[in-house]
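Scroll down for the structure; my scribbles are underneath it.
The values are calculated or read from the model by the stated rules, or taken from the named source; none is laboratory data. Keep in mind that this is a model prediction, so the values were computed, not measured. As a convention, Cβ positions derive from the backbone with ideal geometry for all residues, glycine included, and neighbour counts pool all protein chains shown.
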Amino acid sequence: MPRSLLLAVLVVSVCLSAAAAQTQPTSSGNLQAGKDLYLRYSCYACHGYDGHGGAGARLVPMRMTGERFTAYLRSPRTPQMPLYSTRLLTDAQLGDVWAYIKSLPASPDAKDIPLLARIMRGK
Amino acid sequence: MVDVIKSLGFEYAAANPGSSFEGLHESIINYGENKMPELLTCCHEESSVAMAHGYAKIEGKPMLAIVHGNIGLQHASMAIYNAYADRVPVFVIAGNFRDAGARANGVNSYHSAQDMALIVRDSVKWDDEPGSLAAFAESMVRAYKIAMTPPMEPVLIVLDHDMQERPMPASPVRIPRLTMPAFPVGDPNAVREAARLLVAAQNPRINAGRMARTPEGIKRLVELAELLQASVNGGGDRVNFPSRHPLAGMGVGAPDVVLNLEVQGAGSPNPGAIPSSSGAKTINISSLDLFIKSNLQDFQHLPDADIAMAADAEATLPQLIEEVKRQLTPDRKRALQERGSKIAETHQQARSVAMEAAAFGWDSSPVSLARLCGELWAQIENDDWSLVSWQGFISSWPGRLWTIDKHYHYIGGQGAGAMGYGAPAAVGAALANRKHGRLSINIQTDGDLNYAPGVLWTACHHNIPLLTVMHNNRAYHQEVMFIQQMASRRNRGGDRAHIGTTIKDPNIDYAKMAQAYGMYGEGPISNPKDVAPAIKRALERVRKGEPALLDVVTQPR
């Protein structure tokens, strides 16, 4: 098999694996269900489509445990953060959202972004 | 009339044509040869006035906006209120068919009023409807003087249609000479006491609102801050203080003395409001104490103050600086240097934090606003540039990443928070920048552009170089968040917060919109790697003297 074709097969396999992982429930939640809820409840409005923040806090990397995350959404510390009661979202649904956020990739460090490093060194 | 207008040095008159000022219109383009002022064709009166608003923030003087009787003035009314709340001099002329015995039925009557100025009287500083050419000359000069005396505000002259068509009187009409008054300066005793508090303070903070009227205002504030080694919160309405100055920012800890310069409301410009309970001594210098109206509540809460000066802050700074110099002893100066070093350290830390935050979502699609502003900066930093849009909806990334130290580097926001200001104000500011050879950049929110996008055509028609980069988050995004919070308070969830707040389905193609108006347009751009090359291509157009638009699909904030 030519190397390029082998590489293509490998890439496709990896992608399929990743896609499968996206839809399978994990020990902590269903990623696809979590993503759907993240979008449906407009979490992105304050936290960005990839959880990297905006008007609201940065969520990635997710440092809360699933339990802590659920507890926070049941009783947020700031008035800007909407409260989600059990009437609106179950613990399992919040677990899905947490799992989805947990799966989102972290951003590069500022020092590893040449443009930002240049701005930092600038006048 | 045109001679009077020329005597006041108006460069431009923005107008959407209307029969109530057809006499003046014809005189400007023929008798006046369409120079000083040049007539700008606008597609909406709100655009005419907002263009004048943006122009004045760059040029420091008013531009004319001429509007049709009743209907044009009502279209313009929101933009006039924005300028009023932003303390910006805009000079509006409205036509009128004053004589009920002479006017025709039908549209001329619809465009007539017994008291035309009543429509906007709450949001202009002065208005008049002169009854003769001689009165017109005097009213125009008086209005200009009033508009340009702090606090600067819009003014309105209502101009009778029939008077515009009357023959010139036999005897020449006197055009009064414009002599601007010296601006009001703080009382010497109050200035001395303010200096005493500031020199003795352990941790003073200076808050600047709409303070710097001119480039000199920035220099004066730098001198005062460096003398006192005080932190300076430059606010978001004007360039008051260089963004990269070591004393820029909120300083260290709670202040014990606060100096508010043209700060509206009880505390200070956001962020950093000082609650009255903090115990800090407060000194307020504001020209707003000299002028206030009762109906529209833009004056906000009555500020607490230990010393209040009804005076123009920029004009008062030289006296305050001299008084501070007089009271500073060598020992005190040494102590202050130590304080300054700590503030500089905090400033540097804040900058590092900003850089870290800029990295978040750097590779995200839609494009992060930090990435967008970073990519822009990389391509304009060596130009003589001017950001002609507000940064409140873009998480202030230009202020956090760019070096803002000239008055034209940033023009602040709407004033009264009304959408529809951004695009035309950017075009007006870019127009003012054109003769200085500056590169104008407009980071344009999508919701704002949709109020009156015809101003894109005006920019093309009048060859106004301007790079517009869409912050296209496909929503009136602030309201998305507000509705979410409201739903939360009512335990209803935010899953329907998009209803009535988003601009999707279908998505608007802003590149095509620009192209339809005759402008170079590119997009939509969602991949962050495509942003820099697109900026480069668009800037090539702008540097040749034409407007261009990039549609960048962005993260919400």
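Could you go through region B:24-33 and let me know if any residue there is closer than 20 Å to B:Gln164 by Cβ, touching an Asp or Glu at 6+ places or on another chain (Cβ under 7 Å) and not aliphatic (A, V, I, L, M). For region B:24-33, residues closer than 20 Å to B:Gln164 by Cβ, touching an Asp or Glu at 6+ places or on another chain (Cβ under 7 Å) and not aliphatic (A, V, I, L, M): absent.
Only one of the numbered conditions (1) of a type in the set (A, V, I, L, M); (2) within 27 Å of A:Leu39 (Cβ to Cβ); (3) not in a helix (DSSP H, G or I) is violated by B:Val531, and that is (3). The residue list B:Ala350, B:Ala370 contains one member that is at the interface with another protein chain (Cβ under 9 Å from one of its Cβ atoms), in a helix (DSSP H, G or I) and either crowded, with 18+ Cβ neighbours inside 10 Å or more than 22 Å from the chain's Cα centre (by Cα) (or both), which is B:Ala370.
Annotation: B:Ala359 fulfils all but one of (1) more than 11 Å from chain A (Cβ to nearest Cβ); (2) without any contact (Cβ under 8 Å) to a residue 12 or more places away in the chain; (3) over 18 Å from B:Gly249 (Cβ atoms); the unmet one is (1). Among residues of region A:33-49 that are within 8 Å of chain B (Cβ to nearest Cβ), those with a beta-carbon under 6 Å from a residue that is of a type in the set (Gly, Ala, Ser) at least six positions away or on a different chain give the pairs A:Tyr41/B:Gly494; A:Ser42/B:Gly494; A:Ser42/B:Ala497; A:Cys46/A:Gly54; A:Cys46/A:Ala55; A:Cys46/A:Gly56; A:Gly48/A:Gly54; A:Gly48/B:Gly361. Contact map, region B:87-115: residues that are more than 20 Å from B:Met152 (Cα to Cα) and free of Cβ contacts under 8 Å to residues at least 40 places away in the same chain paired with residues that are assigned to a loop (DSSP other than H, G, I, E, B) and of a type in the set (D, E, K, R), Cβ distance under 7 Å, separation 6+ or inter-chain. Pairs shown: B:Ser109/B:Arg103. From the list B:Ala113, B:Ala14, the one residue that fits, being within 19 Å of the chain's Cα centre (by Cα) and under 17 Å from B:Leu156 (Cβ atoms), is B:Ala14. Scanning region A:85-123 for residues that are crowded, with 19+ Cβ neighbours inside 10 Å, hydrophobic (A, V, I, L, M, F, W, C) and facing chain B (nearest Cβ under 9 Å) yields A:Leu88, A:Leu89, A:Ala110, A:Ile113, A:Leu116, A:Ile119. Applying the condition of being acidic (Asp, Glu) and assigned to a loop (DSSP other than H, G, I, E, B) to region B:306-324 and asking which residue is nearest to B:Ala200 (Cα to Cα) yields B:Asp306. Taking region B:161-186 as the range and being of a type in the set (D, E, K, R), over 30 Å from the mean Cα position of the chain (by Cα) and either crowded, with 24+ Cβ neighbours inside 10 Å or assigned to a loop (DSSP other than H, G, I, E, B) (or both) as the test, the residues that pass are B:Arg166, B:Arg174.
So that you can scan it fast, the table gives a plain yes or no per residue for (1) within 30 Å of B:Gln264 (Cα to Cα); (2) in the same structural domain as B:Ser389 (by TED's automatic domain parsing); (3) of a type in the set (S, T, N, Q); (4) in contact with a helix residue (DSSP H, G or I) (Cβ under 8 Å, 6 or more places away or on another chain):
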| position | (1), (2), (3), (4) |
| --- | --- |
| B:Gly95 | no, no, no, yes |
| B:Arg98 | no, no, no, yes |
| B:Arg103 | no, no, no, yes |
| B:Tyr110 | no, no, no, yes |
| B:Met140 | yes, no, no, yes |
| B:Ala170 | no, no, no, no |
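Would you call A:Pro82 surrounded by 13 or more Cβ atoms within 10 Å (Cβ to Cβ) and at the interface with chain B (Cβ under 10 Å from one of its Cβ atoms)? The answer is yes for A:Pro82.
Restricted to region B:385-504, the set of helices (runs of 4 or more DSSP H) holding at least 3 residues that are more than 13 Å from chain A (Cβ to nearest Cβ) and among the hydrophobic types (A, V, I, L, M, F, W, C) comprises B:422-434, B:455-461.
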